[in-house]
Amino acid sequence: MSETALKRAPISRPDRVREILSMYTDQSPGVLTNLARILNHGALGGTGKMVILPVDQGFEHGPARSFAPNPPSYDPLYHFQLAVDAGCNAYAAPLGFLEAGAAEYAGKIPLILKVNNSDTLYESVDPCSAVTASVGDALRLGCSAIGYTIYPGSSERNTMYEELRDLAEEAKSVGLAVVVWSYPRGGKLSKQGETAVDVVAYAAQIAAQLGAHIIKVKPPTEAIEQEAARKVYEKQKIPVSTLADRVRHVVQSAFAGRRIVIFSGGPAKETEGILEEIRAIHSGGGFGSIIGRNSFQRSRAEALDLLGKVISIYRN
């Protein structure tokens with residue numbers, strides 16, 4: 001960890017990490033050890049909170065759209081070093097990026113291999129990512145977890161659910177944790193509905209039911225997509241007026257907070273908007289954030305400053 005990250009390092013709260021691990025007592029010692037590695041690493045190590053750097057955008061959106069705003073980020077090693085120096089809990093990327101730096105950075109930061117990906121050269125209203133790496137690759141590269149994206153709402157969702165079931169079973173059998181990106185998307189969901197509070201909460205529940213240890217969702221909006229759900233939200237007076245309220249509800253939807261739920265940083269935006277969102281996630285009981293474009297598309301100094309501020313919010 002860098003000197004800057006060490007200065008930010010919180011007082012360890014091992015009881016909180018043990019409490020989180022106790023929510024996964026059905027898992028093997030290997031899985032628990034890898035979850036502990038992520039929870040205990042970096043500037044937030046031992047707090048029960050996490051900030052992860054994900055860099056799958058080159059595959060998902062193309063190199064220029066992803067890296068041209070900050071040209072040094074075309075280099076895979078740039079991202080390893082950024083994650084280490086920022087004091088992140090883990091670094092997540094597709095196969096090629098991890099292969100490029102896993103040996104040089106062995107033991108310096110927990111790795112998450114993104115085992116499925118899609119591209120924008122052929123877009124569909126009902127997306128289905130291709131499996132692009134294996135559990136064996138994750139073991140070979142020394143990863144702590146695999147990551148997999150599902151698109152609840154897509155007509156191809158059953159294929160993704162079944163693929164995830166097989167990959168998760170294999171990963172758990174060899175002691176790897178499972179991280180699920182759960183992003184509702186599909187022909188029958190409106191664009192607004194992709195981040196509606198009822199849909200995001202449902203997406204978190206689906207990921208938990210599919211066996212995810214860590215669930216990544218987008219910050220939910222106040223919109224409600226499903227009319228059947230709207231009646232329940234109104235009748236039960238479920239609070240959704242603030243982002244903190246909505247985050248609390250999404251975490252509750254992941255087995256009453258017994259599964260780790262983290263929130264994406266989303267499209268690039270101004271620093272204060274990001275920090276305001278992070279404060280609400282923290283206030284609502286979110287376990288942390290996974291911030292990609294909003295960090296690596298800035299200069300290295302600006303990215304370290306932003307991630308330092310994000311980490312400081314979660315430390316308090």
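The values are calculated or read from the model by the stated rules, or taken from the named source; none is laboratory data. Keep in mind it's a predicted model, so treat the numbers as computed, not measured. Every residue, glycine as well, gets a Cβ built from its backbone with ideal geometry; the counts of neighbours run over all protein chains shown.
Looking at this structure, is Thr149 surrounded by fewer than 20 Cβ atoms within 10 Å (Cβ to Cβ) and not small (Gly, Ala, Ser)? So Thr149 fails the test.
Of all residues in the stretch 94-125, those that are charged (D, E, K, R) and part of a loop (DSSP other than H, G, I, E, B) total 4.
Counting only helices (runs of 4 or more DSSP H) that sit wholly inside the stretch 189-256, those with at least 1 residues that are at pLDDT 95 or above, exposed (fewer than 15 other Cβ atoms within 10 Å of the Cβ) and charged (D, E, K, R) are 227-235.
Results for (1) among the β-branched types (Val, Ile, Thr); (2) at pLDDT below 95, shown as yes or no for each residue.
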residue: Lys269; (1), (2): no, yes
residue: Leu275; (1), (2): no, no
residue: Phe287; (1), (2): no, no
residue: Ile291; (1), (2): yes, no
residue: Leu304; (1), (2): no, no
residue: Ser312; (1), (2): no, no
residue: Asn316; (1), (2): no, yes
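Considering each residue of the stretch 278-290 in turn, none proves to be of a type in the set (Lys, Arg), surrounded by fewer than 20 Cβ atoms within 10 Å (Cβ to Cβ) and in a loop (DSSP other than H, G, I, E, B).
Are any of the residues in the stretch 77-88 assigned to a loop (DSSP other than H, G, I, E, B), free of Cβ contacts under 8 Å to residues at least 60 places away in the same chain and over 18 Å from Trp181 (Cβ atoms)?
Step one: of the stretch 77-88, the residues assigned to a loop (DSSP other than H, G, I, E, B) are 87-88.
Subsequent filtering for residues that are free of Cβ contacts under 8 Å to residues at least 60 places away in the same chain retains none.
No - not one qualifying residue is present in the stretch 77-88.
Checking Ala171, Ala100, Ala130 one by one, the residue that is touching a strand residue (DSSP E or B) at 6+ places or on another chain (Cβ under 7 Å), small (Gly, Ala, Ser) and closer than 24 Å to Ser66 by Cα is Ala130 and no other.
Every test in (1) assigned to a loop (DSSP other than H, G, I, E, B); (2) of a type outside the set (A, V, I, L, M); (3) touching a helix residue (DSSP H, G or I) at 6+ places or on another chain (Cβ under 8 Å) is passed by Tyr91 save one, and that test is (1).
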